[in-house]
Amino acid sequence: MICAISGEVPDEPVVSKKSGLLFERRLIERYIEDHGKCPVTKEELTMDDIVPVKTNKVVKPRPLQAASIPGLLGMFQNEWDALMLSNFALEQQLHTARQELSHALYQHDAACRVIARLKKERDEARILLAQAERQIPASVAGAAPAPVVSNGKRAIEDEIGPDGKKTRPGINPVMIDELTECNTMLSAQRKKRQVPPTLAPVDALERYTQISSHPLHKTNKPGILSMDIHPSKIDLLSGNVMHFVGPDIVATGGIDTNAVLFDRPSGQILCTLTGHSKKITTLKFVPRDELFVTGSADKTVRIWQESENGNYNCVHTLKDHSAEVEAVTVHATQKYFVTASKDNSWCFYDISTGSCLTQVSESSGQEGYTSASFHPDGLILGTGTTDAVVKIWDVKTQSNVAKFDGHVGPVTAMSFSENGYFLATAAHDGVKLWDLRKLRNFRTFSPYDSDTPTNAVEFDFSGNYLAIGGSDIRVFQVANVKAEWNLIKTLPDLSGTGKVTSVKFGSDAKYIAVGSMDRNLRIFGLPGDEQMEEPNTAAE
């Protein structure tokens, strides 16, 4: 009895009622389950048509080939030949797969090169577009000079919108991408940045005293209202401070309408910038193109550029505000800056063209701005108002994202810590420290009496020290939210006016520059360090 499917003697023989054919039970069951037909006659067939055949269990005889040694050798040879043929087929398949993989990798590499080239062309096109958009206002102004009205402002009819305000080009997507990229880079580097080994230690600050005093402004109109120190060059790739091999320049702005640039090591005045008609309330260095920005109570902002002979020439006079300009702050890219004014608005400028890209003002309230500062990463702007409110802005959308209340009197100064976590603000009632992660005030310093306002507050670049200026200068060691911020040193106001207006840390906090309501710039440091040598190396 032979199975009609396998051609072998079945273990469990069954027979079909319809065809009378013999099958192996397990084989015919599976075939009927899959097809429902007889595998030989193709007639409809079910398991009910299958009848088991009862037989005696027998031992299957060996195949004829396995009955002798030559037969076994023949079987082994056939199996070996089949194995070799199968192995050869597998090797051919492997060779074909390797060729296909190599071709796919080559296509992938070519596609990556094309994508990289397209990205480069896209970035170059974006840069050219941004440059063209920045140059459009200047070219339009040069092609069609605007009539000048009696107050000195330009009167261009097509710049006036339906609400009676000037229309601005806005911060375009290319600039937003640039600001975002700068933010991402600085945020990542800030986490890796370490305290520079050259930073002045606490015990050195405890021994600071006045080491020099320099009369920079006019006697008949004394008073230094603003100050800035030419910033140390920062290696953005490593986060290290790179010192300038050259003069250590301190700039001061006074009530006498002049800005004075002073070389601290030599004790010489480099140049005096004249042009404003009223007191200079704020000023900032822009080292990227050796630019200098000043803001004044005459409602104007001036951009100055260093010439070959070392003097600075005014290249732009900006007249976008209608009240005193109280603050200037420069973005980390050094391509843009913001001005804040008592006209209840702040303006975002392109430094290279001097064009106002956007002017932001709130419809509610008539308070003006008295201070402003960019967050170290550049996407957040802080402003202080005359009615004691601190406002935090999203630069990309120009929207107010947070407000801090609690001060008394105008917010006269503000400073972000280098790690980006803290904001220090000064007002009539003292200094408040704000935690930007939880948007709350976690510490308040009230060093003076109710009749003495706090006019200045400043973190050093490393974020380890905080200076406060009022009737004297107080230096604190920076800690965290929970730990105490210890007072390191109290420096007296030697001007005799009892009103310190500005405080700045020098490079590595090796000295502190102080401006007061007299005509002198005062330098505090270690005795005998009147002219501290700057390192000649590019980086510490």
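Computed values, structure above
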| quantity | calculated |
| --- | --- |
| Some residue of region 283-306 being more than 31 Å from the chain's Cα centre (by Cα), farther than 25 Å from residue 390 by Cβ, at pLDDT 90 or above and open to solvent by 10 Å² or more (accessible area, probe 1.4 Å) | yes |
| From 431, 408, 401, residue being β-branched (Val, Ile, Thr), out of contact with any Lys or Arg (no Cβ under 8 Å at 6 or more places or on another chain), over 24 Å from residue 337 (Cα atoms) and in a strand (DSSP E or B) | 431 |
| Failed item in (1) under 17 Å from residue 210 (Cβ atoms); (2) open to solvent by 20 Å² or more (accessible area, probe 1.4 Å); (3) in contact (Cβ under 8 Å) with a residue 60 or more places away in the chain, with residue 474 passing the rest | (3) |
| Positions within region 506-518 being surrounded by fewer than 23 Cβ atoms within 10 Å (Cβ to Cβ) and either in contact with a helix residue (DSSP H, G or I) (Cβ under 9 Å, 6 or more places away or on another chain) or assigned to a loop (DSSP other than H, G, I, E, B) (or both), in sequence order | 506, 510, 517, 518 |
| Tally of residues being in contact (Cβ under 8 Å) with a residue 60 or more places away in the chain, outside any strand (DSSP E or B) and within 27 Å of residue 223 (Cα to Cα) across region 477-500 | 1 |
| Any chance residue 503 is touching an Asp or Glu at 6+ places or on another chain (Cβ under 6 Å) and either without any contact (Cβ under 8 Å) to a residue 40 or more places away in the chain or in a loop (DSSP other than H, G, I, E, B) (or both) | no |
| Cross-chain or 6+ apart pairs with Cβ under 7 Å, region 433-462 first and over 18 Å from residue 373 (Cβ atoms), then open to solvent by 30 Å² or more (accessible area, probe 1.4 Å) and polar (S, T, N, Q) | 448/471; 452/471; 453/412 |
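Matching residues to (1) surrounded by fewer than 13 Cβ atoms within 10 Å (Cβ to Cβ); (2) small (Gly, Ala, Ser):
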{"residue": "8", "(1), (2)": "yes, no"}
{"residue": "13", "(1), (2)": "no, no"}
{"residue": "22", "(1), (2)": "no, no"}
{"residue": "30", "(1), (2)": "yes, no"}
{"residue": "34", "(1), (2)": "yes, no"}
{"residue": "53", "(1), (2)": "no, no"}
{"residue": "67", "(1), (2)": "yes, yes"}
{"residue": "78", "(1), (2)": "yes, no"}
{"residue": "92", "(1), (2)": "yes, no"}
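The values are calculated or read from the model by the stated rules, or taken from the named source; none is laboratory data. Quantities reported herein were computed from a predicted structural model and do not represent experimental measurements. Note that we place each Cβ from the backbone using ideal geometry, even for glycine, and neighbour counts take in every protein chain shown. Side chains are part of the model used for accessible areas, which takes the heavy atoms of the whole protein and leaves out ligands, DNA and RNA. Shrake-Rupley method; radii C 1.70, N 1.55, O 1.52, S 1.80 Å.
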